[in-house]
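A short worksheet on the structure shown next.
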């Protein structure tokens, strides 16, 4: 009888431990609740907060970048590299490990009147001008995918492209959306060297697929 009780107790403890393990998420959930924006990244990835990114960006000597930064409401970054730096988020040098950057910012009055799907493609890299031959220094540029995305609170494009910069080819997976009232820009970009992108494609696609914009309530 005693051995049966011990066996029952052992099974109960084992089941409890298993259920607890199942409840532990392997993801970190980044969110901007004000606009219902969220996505999931692996919990093992290193994050950089909104305040840290804002502080770095405010130091920019580029007047245009400074004026845009004043419109930023939320931004966050992640990487598999535990030592990745804020500067890597804001330059086009290809990271050797996956780097995720998400941003929510208001449009300026000028942008409100002029923003188009081409503008959404050109948020980080001047894709349109490159395709039209107006920009040099970006060899091997190729669009791998360009499709419309419609979310509950916004609509826009997913554009996947690659190009060579300073001798290194990198791949961008970019989602850029405009709110239904055309007042807010939502951006998610995951990028790294093209060999790195291929190696980590499954995780990258999971992050991009999880990106959701419900819109301001």
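The values are calculated or read from the model by the stated rules, or taken from the named source; none is laboratory data. Here the structure is a predicted model, which is why all the values come from computation and not from measurement. Virtual Cβ from ideal backbone geometry, glycine too; neighbours counted across all protein chains shown.
Brief remarks on what is shown
- Identity of the residue in the stretch 55-74, part of a helix (DSSP H, G or I) and surrounded by 15 or more Cβ atoms within 10 Å (Cβ to Cβ), that ends up modelled with the highest pLDDT: 56
- Residues located in the stretch 133-160, provided they are surrounded by fewer than 15 Cβ atoms within 10 Å (Cβ to Cβ), touching a helix residue (DSSP H, G or I) at 6+ places or on another chain (Cβ under 6 Å) and under 15 Å from residue 189 (Cα atoms): none
- Check on residue 113, exposed (fewer than 11 other Cβ atoms within 10 Å of the Cβ) and within 16 Å of the chain's Cα centre (by Cα): no
- Failed item in (1) touching a strand residue (DSSP E or B) at 6+ places or on another chain (Cβ under 7 Å); (2) more than 27 Å from residue 27 (Cα to Cα); (3) without any contact (Cβ under 8 Å) to a residue 24 or more places away in the chain; (4) not in a strand (DSSP E or B), with residue 88 passing the rest: (2)
- Among the candidates 148, 111, the residue that is touching a strand residue (DSSP E or B) at 6+ places or on another chain (Cβ under 9 Å) and part of a helix (DSSP H, G or I) is uniquely 111.
- Verdict on residue 130 being surrounded by 13 or more Cβ atoms within 10 Å (Cβ to Cβ) and more than 15 Å from the chain's Cα centre (by Cα): yes
Per-residue answers, yes or no, for (1) in contact with a strand residue (DSSP E or B) (Cβ under 9 Å, 6 or more places away or on another chain); (2) closer than 19 Å to residue 98 by Cα; (3) at pLDDT below 95; (4) assigned to a strand (DSSP E or B):
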position: 144; (1), (2), (3), (4): yes, yes, no, yes
position: 155; (1), (2), (3), (4): yes, no, no, yes
position: 161; (1), (2), (3), (4): yes, yes, no, yes
position: 186; (1), (2), (3), (4): yes, no, no, yes
position: 205; (1), (2), (3), (4): yes, yes, no, no
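- Members of the stretch 114-137 that are in contact with a strand residue (DSSP E or B) (Cβ under 7 Å, 6 or more places away or on another chain) and in a helix (DSSP H, G or I): 117, 120, 121, 127
- Selection within the stretch 167-184 - farther than 18 Å from residue 98 by Cα and in contact with a helix residue (DSSP H, G or I) (Cβ under 9 Å, 6 or more places away or on another chain): 176, 177, 178, 179, 182, 183, 184
- Test result for residue 172, surrounded by 14 or more Cβ atoms within 10 Å (Cβ to Cβ), more than 17 Å from the chain's Cα centre (by Cα), assigned to a strand (DSSP E or B) and touching a residue at least 12 places away in the same chain (Cβ under 8 Å): no
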